[in-house]
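What follows is a single structure, written as structure tokens, with notes after it.
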Amino acid sequence: MSDLEAFISAMPKAELHLHIEGTLEPEMMMALGHRNRITLPYATIEEVEAAYRFSCLQDFLDLYYQGMSVLQTEQDFFDLTWAYLERVHAQNVTHVEIFFDPQGHTERSVAFETVLDGITGALDRAEREFGITRKLIMCFLRHLSEESGFEALKSAVAHKDRIFGVGLDSSEKGHPPSKFERLFAEAVREGFVPVAHAGEEGPPDYVHEALDLLHIDRIDHGNRALEDDGLVKRLAASQMALTVCPLSNLRLCVVDDMSHHPLRAMLQAGLRATVNSDDPAYFGGYMTENYLAVAKGLDLSRDEIVTLGRNAYLGSFLDEPEKRRSLEEFDAFCAH
Ligand code: HPA
Ligand code: ZN
């Protein structure tokens, strides 16, 4: 291992873009399929892995929704979340901001509370045992209707103590942020912090809409913002964080090669870009693997890695004292 690889591996990390349903490893998918008597179209783990060749976001989403059908009980959601937290604890991740997709479960008649209790049970245990801090963000599925989103919001309002924010994910093209303007306004009135996937496959206009109509506090992905100079200046001036996902971008053909990834261009433009894993079980790596892949592809310097690592704590939703403490620990590590 090179010095830089060892540094990346040991560096304290914050993950800001992670779909918990996207941490369902093929082994667990098969095991939960058996446990819950759900038939999957795969006989072996190799067949699952062979199916993970995506040409666009929708290709992936089709398998992602199929995969989550094995998640039925509170124990399933606990096991899923705990497995993720154990893995990232071993990668020196100290803070996580996790998405979940309740509509992907309630439409299969799995209760909102079953999902929430399983996920938060594991998060509570990781906070106690590993000291991992966390925020939970409920995503609305943008291919579904506004009405369905309002149903999910109604469920979330009863659990405000455990759900910090709301996000927007799933099929981006043809489902602009404007479709959910009223839903986000209501969510913000209820006290949820808003974020949205924008500019992954969708045009820069979708990023504008997410900012101006949904009033988001952070952009998930945001790659295509780089196509609009005015937007880049705006994001640099506001220092709004972008949660960039290198291996996801490669596997969903948002970039054709890691050496063409826009992350360095983002840093050079003064954007608060961060590194995240998105759906690690589907895209071939968790936090450390994402840092390593983009560091190698772009030949990033140690200073650039430090900037990315620092940006994650700066762009997190930790409260100010927690943020200060995390940054002090991060800077102390980097000073060695
Ligand atoms: N984009 C949109 N929706 C998603 C993603 C993503 O990368 N992962 C899980 N849902
Ligand atoms: Zn995502």
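The values are calculated or read from the model by the stated rules, or taken from the named source; none is laboratory data. Since the structure is predicted, the reported quantities are computational estimates derived from the model, not experimental observations. In this analysis, Cβ positions are derived from the backbone assuming ideal geometry, glycine residues included, and neighbour counts consider all displayed protein chains.
Before moving on, here are some points about what is shown:
- Considering only residues in the range 13-54 that are of a type in the set (Ser, Thr, Tyr) and within 14 Å of ligand 1 (Cβ to nearest atom), the one that is surrounded by the most Cβ atoms within 10 Å (Cβ to Cβ) turns out to be Thr23.
- Per-region count, the range 136-174, residues under 16 Å from Asp220 (Cα atoms) and buried (at least 19 other Cβ atoms within 10 Å of the Cβ): 14
- Any pair with Cβ under 9 angstrom, 6 or more apart, that starts in the range 241-266 at a residue that is under 17 Å from Phe283 (Cα atoms) and ends at one that is away from ligand 2 (no atom under 16 Å from the Cβ) and polar (S, T, N, Q): Leu252/Ser55; Cys253/Ser55
- Contacts under 8 angstrom Cβ, first residue in the range 89-105 being of a type in the set (Phe, Trp, Tyr), partner away from ligand 1 (no atom under 16 Å from the Cβ), 6 or more apart: Phe100/Leu116
- Subset of the range 81-107 that is assigned to a helix (DSSP H, G or I), of a type outside the set (Lys, Arg) and over 15 Å from the mean Cα position of the chain (by Cα) - its residue that is nearest to ligand 1 (Cβ to nearest atom): Gly104
- Counted residues, the range 114-134 - those being over 21 Å from Pro12 (Cβ atoms) and either touching a Pro at 6+ places or on another chain (Cβ under 7 Å) or outside any helix (DSSP H, G or I) (or both): 1
- Verdict on Thr73 being of a type outside the set (Phe, Trp, Tyr), under 17 Å from the mean Cα position of the chain (by Cα) and at pLDDT 95 or above: no
- Residue within the range 215-234 that is more than 16 Å from ligand 2 (Cβ to nearest atom), in contact with a strand residue (DSSP E or B) (Cβ under 7 Å, 6 or more places away or on another chain) and under 22 Å from Gln103 (Cα atoms) present: no
- Odd one out for Val110 among (1) loosely packed, with under 15 Cβ neighbours inside 10 Å; (2) farther than 30 Å from Ser326 by Cα: (1)
- Some residue of the range 315-324 being at pLDDT 95 or above, charged (D, E, K, R) and in a strand (DSSP E or B): no
- Matching entry among Tyr286, Tyr291 (being in contact (Cβ under 8 Å) with a residue 60 or more places away in the chain and either under 23 Å from Leu63 (Cα atoms) or within 16 Å of ligand 1 (Cβ to nearest atom) (or both)): Tyr286
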